[in-house]
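S.K.: For reference, the structure I am asking about is given below.
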Amino acid sequence: MDRIRIRGGNKLNGVIPISGAKNAALPLMIASLLTSDTLTLENVPHLADVEQLLRILGNHGVDVAVNGRRESQTESYSRTIHFTCRTVVDTTAPYDLVSKMRASFWVIGPLLARVGQARVSLPGGCAIGTRPVDLFLDGLQALGANMEIDGGYVNATAPTGGLVGGHYTFPKVSVGATHVMMMAATLADGTTVIENAAREPEIADLAKCLNAMGAKISGAGTSTITIEGVTSLHGARHRVLPDRIETGTYAMAVAMAGGDVTLEGTEAALLDNALDAIRMAGATVSETESGLRVVRNGNGIQPVDVVTEPFPGFPTDLQAQFMALMTRSSGVSHITETIFENRFMHVQELARLGARISLSGQMARIEGVSGLKGAPVMATDLRASVSLVIAGLAAEGDTIVNRVYHLDRGFERLEEKLTRCGAEVERVSD
Ligand code: EPZ
């Protein structure tokens, strides 16, 4: 099994191209189920989660054509992928596929909207928390669907004549349930209003693509989304927006290791809150023509308290990385996780590098230390794994991050991007 070895101590200097957003690409790919025409997506990142979803969509009858090409002077690979679902050949999403990636549950919305039925395995538990699906079920019921759970599967059926527009207020903000309800409502008869919708940039990106396909969605990116149903959607071409979590991760890596790096092809507006936290920690972050420039030279790292929240708050997907940064601050900081109940698995691993962190419920207290020491570590989810890479960049000696498949789910060519900026990071295969 592959591992990543990081020899700490080098500053980062250079350019890091930011890839298309994983969490935008996944729902956009699923939207291809809504039309018999071709949906073309540009800037699709090359990630294990994307490959897994290609398999799942293939099972439902989506034909996929991939054109790889080199983009930009820094040779970031992004792919243009054409998705065509002439006919839905299978409305079942089986357990062995859905259990590998929670987002595959989201096919339930488009299948229900297009062919009136779906049988989708419950995703099951996952490392960062229980993550139930009640909000999906309630949201789709508000569109007239009948939802039954049987043998670990959700059996969903639309009324004769198809889904109908409805009004639904989410009791809790959910990114996935907002994506699904929005997709399902595009083909419903009448108008749907979703309140307390997720406001993440990936929601607005999906709405932009659906509108290019002929949908009538307004308000995406705010907490009230209105969807006027249409009878059919057509093909479109859409570019996946830049990955704000990858952006924040590398910005925190520079803040941790020191140096001067331009994050190419990204936008500050996607992660204002996290950038503010990075600035308070002592780095300079400025917008440039090509993206963002992050610099930390000379300044120490200051302690900063953060609380994770739905967008536009501090993202839970950057919590572990920020904690890694705070392990080297000159004081005490507190990080509170409010989205997932079990997203602190990196704490024990950071401690192996010499970090001083104590947990009390959903709050971590981090006492900065003057140095970390490399060690073998492993983590059980994607963002936790990359937090260990960040810590390793500033640790003395070698840090070996095991279970690299977590990183491959969400970070395109991580070791190459860091190495080009002067870090000593390599993939080691047994
Ligand atoms: C999305 O997951 C992201 N995944 C996650 O990124 C991200 O951490 C999360 O949103 C929060 O920002 C993708 O976009 C593919 P939620 P999602 O539904 O949609 C609870 C990563 O590392 N909830 O917004 O699954 C849930 O348990 C991943 O890239 C219910 O209670 O998250 C959680 O506490 C990890 N009932 C909260 O809502 C439901 O029916 C928010 O979850 C649905 C969710």
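The values are calculated or read from the model by the stated rules, or taken from the named source; none is laboratory data. For clarity, every value in this text was computed on a predicted model and none was experimentally measured. Cβ atoms come from the backbone with ideal geometry, glycine included; neighbour counts cover every protein chain shown. Calculation scope for accessible area: heavy atoms of the full protein, side chains included, ligands and nucleic acids excluded. Shrake-Rupley method; radii C 1.70, N 1.55, O 1.52, S 1.80 Å.
S.K.: Calculate the radius of gyration of the Cα atoms of region 309-430 to one decimal place, then report Dmax, the largest Cα-Cα distance, as a whole number, both in Å.
M.R.: That works out to 14.0, 42 Å for Rg and Dmax.
S.K.: Using a Förster distance of 60 Å, how high is the FRET efficiency between ARG356 and SER218, based on the Cβ-Cβ distance and rounded to 0.05?
M.R.: 0.75
S.K.: Would you mind working out the magnitude of the charge dipole of the chain relative to its Cα centre, with +1 at each Lys and Arg C-beta and -1 at each Asp and Glu C-beta, to the nearest 20 Debye?
M.R.: The dipole of the chain has a size of about 540 debye.
S.K.: Sort 83-96, 313-326 by packing, meaning the average of other beta carbons within 10 Å per residue, with the highest value first.
M.R.: 313-326, 83-96
S.K.: How are the C-alpha pair distances of the chain spread across 10 Å bins, as whole percents from the shortest bin up?
M.R.: Binned Cα distances yield the sequence 5, 22, 31, 24, 14, 4, 0.
S.K.: Assuming 0.36 nm per residue, please report the length gained on full extension of the stretch ASP138 to HIS334 beyond their Cα-Cα distance.
M.R.: 67.0 nm
S.K.: Could you work out Rg/(2.2 N^0.38 Å) for region 174-218, with Rg from alpha carbons only?
M.R.: Computed over Cα atoms of region 174-218, the ratio equals 1.04.
S.K.: For ASP189, list long-range residues whose amide hydrogen, built 1.01 Å from N in the peptide plane, is under 5 Å from its own amide hydrogen.
M.R.: LEU163, VAL164, GLY165
S.K.: Which residues in region 100-116 place their backbone N less than 20 Å from a point set 7 Å from the Cα of ASP2 along the Cα-to-Cβ direction?
M.R.: Within reach of a label on ASP2, which here means backbone N under 20 Å from a point 7 Å along Cα→Cβ, region 100-116 contributes 100-101.
S.K.: So which lysines pass the test for LYS417, namely a Cα distance under 19 Å, with those fewer than 8 places away in the same chain ruled out?
M.R.: LYS11, LYS22
S.K.: Work out the FRET efficiency for LYS373 and GLU287 from their Cβ-Cβ distance, taking R0 = 30 Å, and round it to the nearest 0.05.
M.R.: Result of the calculation: an efficiency of 0.25.
S.K.: Now a separate question. In terms of modelled amide H atoms, which long-range or inter-chain residues lie less than 5 Å from the amide H of ILE301?
M.R.: Residues meeting the criterion, in which the H sits 1.01 Å from N, are SER330.
S.K.: Between THR38 and residues 5 or more places away or on another chain, which pairs have amide H atoms under 5 Å apart, with H built 1.01 Å from N, and which residues are they?
M.R.: Those qualifying (amide H under 5 Å, at least 5 residues apart or on another chain) are GLY235.
S.K.: Ok, one more. Accessible area per residue, 1.4 Å probe, Å², for the chain: what's the number?
M.R.: 37 Å²
S.K.: Here's a follow-up. Output the direction-averaged projected area (hull surface divided by four) of the convex hull of the alpha-carbon atoms of region 243-366, in nm².
M.R.: Averaged projected hull area, Cα only: 6.9 nm².
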